[in-house]
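One structure is given below, encoded as structure tokens.
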Amino acid sequence: MEQNDRSVLKVRNLRTGFATPAGTVIAVDDVSFDLKRNEVLAIIGESGSGKTVTALSLIKLISTPPGRYFGGSIEIEGTDILKLNEREMESVRGKTIGMIFQNPRASLDPSFTIEFQLVETLMRHNRQLDRQAALEAARKALLEVGFPDTARVLASYPHQLSGGMCQRIGLAMVLACDPKLLIADEPTTALDVGVQAKILLLLKKRSRETGLPIIIITHDIGVVRAVATRVLVMYGGHVQEEGDVDEVLASPKHPYTQALIRSIPDPDAEQDAMTFIKGEPPNLLAPPRGCRFAPRCEHAVRICHEKVPAWREVGDRWVRCHLAETGVPQ
Ligand code: SF4
């Protein structure tokens, strides 16, 4: 986590969770990070690590029961959005923060043409635009995401288009509103490899050319390598490691990051060398008393089972591990 006043986004000690019949689950626990212009931050971790709840928390979609914010702050360009009411948040979503979801059709309404949806969205977020100007902006946005035949796409209904096309339209819709921050939650998981590469390239290009800061939620290290400049590793609701993407992937300091990287299948290996992380993720209704990774960690010592490691800067990155200074063998 960098302490920098040029940050577009500052998240501090964020805690969000859910009330369940069995008790309260804190799905995002004491999460802090910054994001500056031109940065693409990948948040990675297994299912249930807290990465998607972190993304939803950033656009304040956890505020209705059973979801709840238990503490912390989310500052976007100096405004703590946790202090805004729902009406104020409606103008933040889309205009200040754009969001792309895993389901390519999630942001599209099946009963309206793409033209109607793009034009309405653009006019809602920019009241200066008349219908003709909004249509022009929609055409431009479609060209930007790789549709040369904009007339055909504009006249289509979502069910007439493939999942990959819908995802690119969703991206066009978000980018045309010119957000200050873009959050993409597993944006390419449901797409084939060719479309996936196209979407990732678009995101990277936009960030490089306009400085748009992007958060991409993924469980795919290939996506991280392709697009991110920084990476934040989550496990059991805690951030476990954060740093420059090349440095973290080349020399992970946290045993969980090491295990995650080892679990990627090696296509060149003669035998099936895929290593799974043994054991199960923690039950967040009753998380382990000490380090959340301790029951699965091959390096765990006594203190790991007794005390939650502090989140602290160690050399070129931030790590939550009792052995971070001494180093754990990889
Ligand atoms: Fe493993 Fe202990 Fe580090 Fe947790 S604190 S990751 S159990 S070595």
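Treating the angle as unsigned and between 0 and 90°, give the value, to the nearest 10°, between the Cα long axis of helix 114-125 and the longest Cα principal axis of the chain.
The two axes meet at around 70 degrees.
Please give the calculated 222 nm ellipticity per residue for the chain, where each DSSP H segment of at least 4 residues contributes -39500 (n - 2.57) and the sum is spread over every residue; nearest 500 deg cm²/dmol?
For the chain, the value works out to -9500 deg cm²/dmol.
Among DSSP beta bridges lying fully in the chain, give the percent that are antiparallel, nearest 5.
Close to 65 percent.
Among 211-220, 123-132, 301-310, 187-196, what's the highest-first ranking by average C-beta atoms within 10 angstrom per residue?
With the highest mean Cβ count within 10 Å placed first, the list reads 211-220, 187-196, 301-310, 123-132.
With springs only between Cα atoms under 10 Å, which of ARG225, ARG289, ARG312 fluctuates most in a Gaussian network model of the chain?
Answer for the Gaussian network model of the chain: ARG289.
Regarding the chain, what are the three Cα extents along the principal axes, ordered largest first, in Å?
Computed over the chain, the largest-to-smallest principal extents equal 67, 52, 41 Å.
Sum up the charges of everything whose Cβ sits under 13 Å from the Cβ of THR210, counting Lys and Arg as +1 and Asp and Glu as -1, but leave THR210 out.
Values: positive: ARG37, LYS180, LYS204, LYS205, ARG206, ARG208; negative: GLU39, GLU144, ASP178, GLU209.
Combined, the nearby Lys, Arg, Asp and Glu give +2.
Would you work out the relative contact order for the chain, in percent, from Cα pairs under 8 angstrom that are 6 or more residues apart?
This gives 20 percent for the chain.
If you find the alpha carbon centre of segment 111-126 and of segment 158-229, how far apart are they in angstrom?
Their Cα centres are 20 Å away from one another.
Out of the chymotrypsin sites (Phe, Trp or Tyr not before Pro) in segment 76-130, which ones are loop residues according to DSSP with at most 14 other C-beta atoms within 10 Å?
Hits after loop and neighbour filter: PHE112.
Readers should treat all values here as calculations from the given coordinates under stated rules, not as data from a laboratory. Just so we're clear, the structure is a prediction, and the values are computed from it rather than from any experiment. All Cβ positions, even for glycine, are placed from backbone atoms using ideal geometry, and neighbour counts span all protein chains on display.
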